[in-house]
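Right, one structure below, let's go through it.
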Amino acid sequence: MNGTAATLRIALVGNPNCGKTALFNLLTGTRQKVANYAGVTIERKEGHYLAPSGRNVRVLDLPGAYSLAANSPDEAITRDVVTGRYPGEAAPDLIVCVADATNLRLHLRFVLEIARLGRPMLLALNMMDAAKRRGIHIDVAALAARLGMPVVETIAVKRGGAAGLIAQIDAFEPLAALGAVVAGGNVHIPQAPSAPDLHAQVRVMLAETVTMPRRTAAIDDTLDRIVLHPVFGLAILAAIMFLIFQAVFSWATPLHDGIDAGIQAAGAWLGSALPDGALRSLLVDGVFAGLGTVLAFLPQILILFLFIFVLEESGYLPRAAFLLDRMMLAAGLTGRSFIPLLSSFACAIPGIMATRSIPDPRDRLTTILIAPLMTCSARLPVYALLIAAFVPQRTVAGIFNLQGVVLFTLYLAGIVSALLVAWTIKRLRRDKSEHALMMELPSYRVPHPRDIAIGLYERGMIFIQRVGGIILALTVLLWFLSSFPAPPVGASEPAIHYSLAGMIGKALHVVFAPIGFNWQICIALVPGLAAREVAVSSLATVYALGGNEDGLQAIVAAQWSLATALSLLAWYVFAPMCISTLATVKRETRSWRNVVVLAGYLFGLAYFASLATYQIAKALGA
Amino acid sequence: MGVSATVFEVNDTGPKDAIAQRLRDFGFVAGEPVRLVARGPLGADPLLVQIGYTRFALRRAEAARVTVSLETSP
Ligand SMILES: Nc1nc2c(ncn2[C@@H]2O[C@H](COP(=O)(O)OP(=O)(O)OP(=O)(O)O)[C@@H](O)[C@H]2O)c(=O)[nH]1
Ligand SMILES: [Mg+2]
């Protein structure tokens, strides 16, 4: 047991948004998600580092909490870990309390509450850079004496900013604190002290150890006056959202076209270099036509994430939640749903997980059920393909790119339906007791270009790995299904008509004909269940095997009716075409019933919307 | 905007009022200065309230639990 005896187990505990995860990343060299709002971390995360003394330190990053009287599932995790009640996890040897040095009035209260547990602990005063900038002076030695625990200053966003903390942790000797440690046993939560008691202590401590020129940052006050203004605030919010959609289209198009042309040229070259046969077909029709089409959407996805990262780090997101709370309340949601829903534009899976920071279980469930209606980045290739094929590249009203406007409308369709669904859920619900908001608005911060660049690099790699992994596998599988069995001798049509995939597509076509899908689309829908983008690569493969030489966009523009294209767009606004999302809902709500309700209502809406779109468009002559 | 006041008390609306408890944890305790910083665009809801060094968005129903005394002298 020497190995474990030499390991020190510490846990980072503190209020939301004080920089625990930034410290965790600095200590362990990992890259867990850091962002400027309360409730980023929702799970217990584990990491290691080697202390200067050679001791192995195991670090736990925990969700932020305002109090041990937990109000939400993520706060409950923190409470259970620090009190040793978390299943399979003994209480940590050392609690590292983290507090934002610019927000001590609030954060020290929680430190005092933790201190009552009587566990070995120390305090990291984080964000010392921001505190210095604001002219806040803290007498660290006096504070340590008052608290009765070591206090160190840290700057979690600066290299070497945790040197003092590392040294202080290394100086900790578990044996010295034997009295307080009941190895592996539960820690008893002392009778909750009345809130005024702890606050009174904090007030006295601050008066004796801290001087600050003003209670808030002047820049925050100024910005909030503009950003939260009833009129300008909403205008700014609308402008930001609209800018994102414009940018995704206009900035990305040249890059997209460049990548697309490059891949097509490479495919053509390979096609001419290889002898005719199955291998050539697999590489040219399967891999290059299929994967290439998806890969070209990398620029769009990176631009979307660039905006999401900047918004997350700036501190603007909780302001947007503030502005929208009343409207979301009317729809049966809460302003707190805004951040999970915005994350769902990247991908519904982290969005659904982020709902753990919503304290009210009813609000949380509603948010989970509508999150898949937010247009995730995997739907972008489908939308972008159809828009590029059917909507002319034109400027409207002088400044707007028409394709961007259509894209915005599709996103809006998802949002509006989400609000209607939430409203319906609210009407059906019997328990109409009060829902809470109570949300902290953090200080504004300037995003670090380096962090954003790293984040984009990571998102890019994730996308490329998806293309090279699951999307490649499905594309190859689809190629096989579309190529075998081989056509009978003397067949008049391309081989795909006689293949297994062809048969599946034609069987499904019976169901989807009323909404205008041809059998090629029906084939593409099936692998699209595993990853939405695959619908695009599958279409490319299916058409390439069907003997079409052009790029997918040209084929679609030439062979589909506008009504079919619109119907497929409507389908993708709603259809729960993603198995991982359904699995996440099962895991997060621990209920199959919710999964069935979700998939059922989404399929119903999708079929209905596509049917209406197709029939109306056809009646109008599209 | 920028109305200042002093917290008098937080009233529970029932037994085990988690919202009232959370307000006390946030620092809404007797004698603490508070300031109304902003109001939401629709129906002047929610309210943005500064307590201590922190700003919280509170719905009116939440904020209604806090009784304050308005500052009389500058
Ligand atoms: N200026 C400055 N900013 C910091 C420092 N540490 C963290 N931040 C920023 O503070 C914000 C919150 O950081 P996180 O590490 O996500 O905070 P957290 O405590 O893990 O938050 P939750 O997971 O929500 O509880 C981010 O915007 C960070 O970039 C610091 O020392 N100085
Ligand atoms: Mg965190």
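The values are calculated or read from the model by the stated rules, or taken from the named source; none is laboratory data. Everything numeric here is computed off the predicted structure, so don't read it as measured data. Quick reminder, even Gly has a Cβ in these numbers, built from the backbone with ideal geometry, and neighbours come from all protein chains shown.
Just so you know, in the range A:33-76 the residues that are part of a helix (DSSP H, G or I) and within 29 Å of residue A:446 (Cα to Cα) include one that is farthest from ligand 2 (Cβ to nearest atom), and it is A:75.
Taking every residue in the range B:28-49 that is more than 7 Å from chain A (Cβ to nearest Cβ) and pairing it with any residue that is buried (at least 17 other Cβ atoms within 10 Å of the Cβ) and among the aromatic types (Phe, Trp, Tyr), at least 6 positions away or on another chain, the pairs with Cβ-Cβ distances below 7 Å are B:49/B:56.
Here's the yes/no breakdown for (1) surrounded by fewer than 21 Cβ atoms within 10 Å (Cβ to Cβ); (2) within 14 Å of chain B (Cβ to nearest Cβ); (3) more than 16 Å from ligand 1 (Cβ to nearest atom):
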{"residue": "A:262", "(1), (2), (3)": "yes, no, yes"}
{"residue": "A:277", "(1), (2), (3)": "yes, no, yes"}
{"residue": "A:286", "(1), (2), (3)": "no, no, yes"}
{"residue": "A:289", "(1), (2), (3)": "no, no, yes"}
{"residue": "A:336", "(1), (2), (3)": "no, yes, no"}
{"residue": "A:367", "(1), (2), (3)": "no, no, yes"}
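Say whether the condition of being in contact with a strand residue (DSSP E or B) (Cβ under 8 Å, 6 or more places away or on another chain), in contact (Cβ under 8 Å) with a residue 60 or more places away in the chain and farther than 30 Å from residue A:44 by Cβ is met by at least one residue in the range A:318-326. Yes, because at least one residue in the range A:318-326 is in contact with a strand residue (DSSP E or B) (Cβ under 8 Å, 6 or more places away or on another chain), in contact (Cβ under 8 Å) with a residue 60 or more places away in the chain and farther than 30 Å from residue A:44 by Cβ. Cβ-Cβ distances below 7 Å connect the following pairs, each with a first residue in the range A:34-52 that is among the aromatic types (Phe, Trp, Tyr), a second residue that is near ligand 2 (Cβ under 9 Å from one of its atoms), and a separation of six or more residues or different chains: A:37/A:17.
Matching residues to (1) on the phi > 0 side of the Ramachandran plot; (2) in contact with an Asp or Glu (Cβ under 7 Å, 6 or more places away or on another chain); (3) more than 14 Å from ligand 1 (Cβ to nearest atom); (4) modelled with pLDDT under 95:
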| position | (1), (2), (3), (4) |
| --- | --- |
| A:60 | no, yes, no, no |
| A:69 | no, no, yes, yes |
| A:99 | no, no, no, no |
| A:107 | no, yes, no, no |
| A:125 | no, yes, no, no |
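Within the range A:95-111, being in contact with a His (Cβ under 9 Å, 6 or more places away or on another chain) and not in a loop (DSSP other than H, G, I, E, B) holds for A:97, A:98, A:99, A:100, A:105, A:109.
Can you find a residue in the range A:77-94 that is within 15 Å of ligand 2 (Cβ to nearest atom) and under 23 Å from the mean Cα position of the chain (by Cα)? Scanning the range A:77-94 turns up at least one residue that is within 15 Å of ligand 2 (Cβ to nearest atom) and under 23 Å from the mean Cα position of the chain (by Cα). Within the option set A:65, A:11, being within 13 Å of ligand 1 (Cβ to nearest atom), more than 14 Å from chain B (Cβ to nearest Cβ) and out of contact with any Gly (no Cβ under 7 Å at 6 or more places or on another chain) holds for one residue only, A:11. Of the helices (runs of 4 or more DSSP H) lying entirely inside the range A:485-571, the ones with 2 or more residues being polar (S, T, N, Q) and over 23 Å from residue A:473 (Cβ atoms) are found at A:552-559.
Please verify whether residue A:240 is at pLDDT 85 or above and within 14 Å of chain B (Cβ to nearest Cβ), treating the condition exactly as stated. No: the conditions fail for residue A:240.
Could you please find all residues in the range A:7-32 being under 23 Å from residue A:119 (Cβ atoms) and either away from ligand 2 (no atom under 12 Å from the Cβ) or part of a strand (DSSP E or B) (or both)? Can you show your working first?
Taking the range A:7-32 first, the residues under 23 Å from residue A:119 (Cβ atoms) are A:7-16, A:18-21, A:23-24, A:27-28.
Once the filter is applied, which keeps residues that are under 23 Å from residue A:119 (Cβ atoms) and either away from ligand 2 (no atom under 12 Å from the Cβ) or part of a strand (DSSP E or B) (or both), the range A:7-32 yields A:7, A:8, A:9, A:10, A:11, A:12, A:13, A:14, A:27, A:28.
Only one of the numbered conditions (1) crowded, with 24+ Cβ neighbours inside 10 Å; (2) within 14 Å of chain B (Cβ to nearest Cβ); (3) within 11 Å of ligand 1 (Cβ to nearest atom); (4) of a type in the set (A, V, I, L, M, F, W, C) is violated by residue A:23, and that is (2).
Matching residues to (1) farther than 24 Å from residue A:32 by Cα; (2) crowded, with 23+ Cβ neighbours inside 10 Å:
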residue: A:88; (1), (2): no, no
residue: A:104; (1), (2): yes, yes
residue: A:125; (1), (2): no, yes
residue: A:165; (1), (2): no, yes
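Within the bounds of the range A:298-314, is there any residue that is within 30 Å of residue A:434 (Cα to Cα), within 14 Å of chain B (Cβ to nearest Cβ) and not basic (Lys, Arg)? Looking through the range A:298-314, none of the residues is within 30 Å of residue A:434 (Cα to Cα), within 14 Å of chain B (Cβ to nearest Cβ) and not basic (Lys, Arg).
Here's the yes/no breakdown for (1) without any contact (Cβ under 8 Å) to a residue 12 or more places away in the chain; (2) among the basic types (Lys, Arg); (3) part of a helix (DSSP H, G or I):
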{"position": "A:235", "(1), (2), (3)": "yes, no, yes"}
{"position": "A:247", "(1), (2), (3)": "no, no, yes"}
{"position": "A:262", "(1), (2), (3)": "yes, no, yes"}
{"position": "A:265", "(1), (2), (3)": "yes, no, yes"}
{"position": "A:269", "(1), (2), (3)": "yes, no, yes"}
{"position": "A:276", "(1), (2), (3)": "yes, no, no"}
{"position": "A:285", "(1), (2), (3)": "no, no, yes"}
{"position": "A:291", "(1), (2), (3)": "no, no, yes"}
